[in-house]
Amino acid sequence: MSVRSLSFALAAVIALGACSSGSRGGGGTAPATTGGTAPVASAGSAPAAARGGGSSEVEAQVQRGSAVYAGMCAKCHGGSGAGSATAPPLVGPGALPADPRPGSRVRTGAFRSAMDVGQFILASMPPGTTRISKPDCAAVLAWTLRQNGIPFSQAIDPSTAGAIPLR
């Protein structure tokens, strides 16, 4: 596995969450953004292409990410991604900060691009012995970017994630 692939995988694991119900994929409903957890940028305020839409491949990846998030990440990070007492927010204010939070025991590296997040996710999420797959990691990362209003126009993969700045 190349360093770039491993890096993307790690970042994607972060986005997926710190906890897992033990299932892969997701047979749940899509998480909904609920009161008090506004996204970083208003996803509804930009054209679909700027929000990571515009292609059926991107839309399918975001939809898959929603289902995977519900099945693998929501238990710890909350249904809308707003975080919990045990896991940081992945959506909304305070989500995906550039530097690790003080006292972080899991994350040690900076998040400058989607690649950084994907690499963390693949290496660390969910906690325990089961890790998220690369395709599921990319899908959850696409969902997370979309929820935070971070623009991208191509499906997330190791060749595109490094070019997507988080700020």
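Every number here is computed from the coordinates shown, using simple stated rules; none is lab data. Remember, predicted model here, so these are calculated numbers, not experimental data. No Cβ is skipped: glycine too gets one built from the backbone with ideal geometry, and neighbour counts run over all protein chains shown.
Below, the figures for the structure above:
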item: Segments 158-167, 83-92, 68-77, 144-153 sorted - mean Cβ within 10 Å per residue, highest first; result: 68-77, 144-153, 83-92, 158-167
item: Built amide H within the under 5 Å cut-off of Ser113, gap 5+; result: Leu166
item: Calculated Rg and Dmax of the stretch 58-167 using C-alpha coordinates, Å; result: 12.6, 36
item: Protection proxy ranking, peptides 129-138, 99-108, average beta carbon neighbours within 10 Å, highest first; result: 129-138, 99-108
